[in-house]
1. Taking H placed 1.01 Å from N in the peptide plane, check which residues at least 5 places from Cys86 or on another chain put their amide H under 5 Å from its amide H.
2. Check which residues have an amide H placed less than 5 Å from Thr435's amide H, if you skip close sequence neighbours.
3. Beyond 18 Å between alpha-carbons counts as too far, so tell me which of Lys285/Lys424; Lys116/Lys175; Lys285/Lys341; Lys141/Lys424 fall in that bin.
4. What lysines sit close enough to Lys291 to cross-link, taking a C-alpha to C-alpha distance under 23 Å and skipping anything fewer than 8 places away on the same chain?
5. Give the accessible surface of the stretch 183-322 per residue, rounded to a whole number of Å², with probe radius 1.4 Å and ligands, DNA and RNA excluded.
6. Is the stretch 1-158 best put as rounded, prolate or oblate by its Cα gyration tensor, with a ≥ b ≥ c the root eigenvalues, rounded for a/c under 1.5, and otherwise prolate when a/b is larger than b/c, oblate when not?
7. Measure nothing fancy, just the Cα-based angle from helix 383-402's long axis to the longest principal axis of the chain, in degrees from 0 to 90, nearest 10.
8. On a C-alpha basis, how far is the centre of the stretch 259-286 from the centre of the stretch 376-455 in Å? Whole number, if you could?
Amino acid sequence: MEIGIIGAGIAGIAASIRLAAAGHEVTVFEANEYVGGKLSEVRMQGYRFDAGPSLFTMPHFVEELFEVAGQSMEGKFAYERLPIVCKYFWEDGVQLNAHADVFKFAAEVHEKLGVKEKTIIRAYADSRYKYRATASTFLHKSLHKRSTWLTRDVLKALFKIPRLDIFRTMNSVNKSRLKDPHLVQLFNRYATYNGSSPYKAPGLLNIIPHFEHGIGAFYPKGGMIEITKSLFGLAKSMGVHFQLKTKIDEIIVSKKKATGVKVGEWQHNFDRIVCNMDVFHAYKKLLPKEKAPERTLRQTKSTSALIFYWGMTEKFPELDVHNIFFSDNYELEFEHLTERKTVYDDPTVYINITQKYESGDAPEGGENWFAMINTPHNVGQDWDDIIKEARENIIEKVSRILGRDIRPLIVCEHILDPRLIEEKTSSHLGALYGTSSDNRMAAFLRHPNFSRQIKGLYFVGGSVHPGGGIPLCLLSAKIAVELIGQEGEQ
């Protein structure tokens with residue numbers, strides 16, 4: 001079959017590899033002049049920054065693409081496991097090194113906070129249990145096909161519901177088992193991995209710590225951009241055609257079947273269409289004549305982000321590749337994000353420094369800081385004012401905790417806000433993860449990886465099942481391609 005893919009985000013590229021491996025002729029259309037979507041990079045004045053996702057988990061999903069293609073990863077993509085997943089800082093002077101080794105981390109928690117080691121070990125064991133109980137059904141398969149629910153795995157998962165904390169929030173689960181406010185906040189932060197609030201999201205999301213400490217947090221040699229580069233190269237080696245700077249105007253639908261794409265007056269017919277565009281814009285812009293699933297499209301959007309890419313003239317040996325500076329009032333911070341739709345004046349700050357592993361990412365003696373805070377998605381706020389105030393608050397907070405004024409060390413700056421995120425990636429309202437997971441039914445309300453009304457149309461990426469983030473986007477491609485294969489067998 002001849003298959004067209006709209007969007008060269010990481011899910012679109014992954015889908016192209018799988019489809020080409022299955023013997024299909026694949027063409028990928030991308031509106032930007034580069035591939036990767038959010039997984040791109042920024043360069044300025046001798047500094048290099050990974051522009052979007054900065055944490056690499058579940059590398060086996062990338063390895064799987066090379067295996068599907070029948071090619072060796074050697075010399076094309078490499079990574080290493082981080083010995084310290086993240087360094088955590090609080091205003092009261094507490095600092096924690098989240099060692100990849102759970103037992104080592106538990107010992108540090110006991111030393112710094114006096115919390116029994118078994119408390120941490122049990123929390124990660126619970127995360128592992130939730131993952132093993134649900135992943136095969138809720139992450140690896142379509143939740144919108146009857147066949148998924150007629151399996152032994154689903155039956156087993158149903159019996160485990162009482163232990164999955166579906167009916168309690170992340171925060172309530174973490175408060176009851178961890179007690180210490182530092183640890184509660186640390187485990188609550190995992191809700192931000194899919195743009196949600198720990199005070200609203202179900203306790204099942206405590207599955208996420210297992211990704212980092214059970215499976216591992218990794219660093220791709222060359223930076224996160226190497227994920228994009230390696231998979232782009234793999235796709236091209238398999239004969240996938242990429243048409244960059246080509247913005248699709250419409251998906252052609254004839255007799256309730258997707259038959260091609262249109263760019264201006266030019267159009268091309270395809271046997272199947274895979275859409276990697278945010279599902280909201282896909283319906284509103286590419287399918288204007290078709291009835292849109294309005295209930296799905298009206299779901300609450302996830303949070304977004306404000307990122308400052310700072311070229312620093314000096315090094316900070318006390319920092320690692322991943323660093324978190326926590327807010328003193330996490331609940332109030334999330335109230336601002338989800339209810340007031342603005343940014344709290346004491347935001348939690350994440351700083352990523354790839355120079356710790358890549359000396360060439362900054363000039364000699366300097367570091368490349370990717371300083372990010374969570375923000376609400378764009379609903380028309382005065383972003384220029386928010387950015388100005390947030391910048392000052394971030395600089396003051398980090399300087400205060402580190403005991404060192406960082407302001408004079410910033411020699412160059414690039415800013416990414418929700419408006420630009422939507423402009424560059426077509427993420428509706430700048431939401432990084434599509435819809436939020438702030439209710440227990442969120443996973444089931446996400447748009448499926450196929451269209452119920454239009455035959456031959458499939459969806460991949462962070463705005464559809466199973467969700468946002470690199471691993472889930474790669475899984476969305478796998479699910480969609482499997483569905484295409486199943487349809488072809490019928």
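The values are calculated or read from the model by the stated rules, or taken from the named source; none is laboratory data. Keep in mind it's a predicted model, so treat the numbers as computed, not measured. Protein only, heavy atoms only, side chains kept; ligands, DNA and RNA dropped before computing areas. Shrake-Rupley method; radii C 1.70, N 1.55, O 1.52, S 1.80 Å.
1. Residues meeting the amide H criterion: Ala98.
2. Residues meeting the amide H criterion: Ser302.
3. Details: Lys285/Lys424 16 Å; Lys116/Lys175 15 Å; Lys285/Lys341 26 Å; Lys141/Lys424 30 Å.
With Cα atoms farther than 18 Å apart: Lys285/Lys341; Lys141/Lys424.
4. Lys145, Lys247, Lys255, Lys256, Lys257, Lys262, Lys301, Lys455
5. Working: 5260 Å² over 140 residues.
Ligands and nucleic acids excluded, the figure is 38 Å² per residue.
6. Details: a/c = 2.52, a/b = 1.36, b/c = 1.86.
Since a/c reaches 1.5 but b/c is at least a/b, the shape of the stretch 1-158 is classed as oblate.
7. It is inclined by approximately 40 degrees.
8. 27 Å
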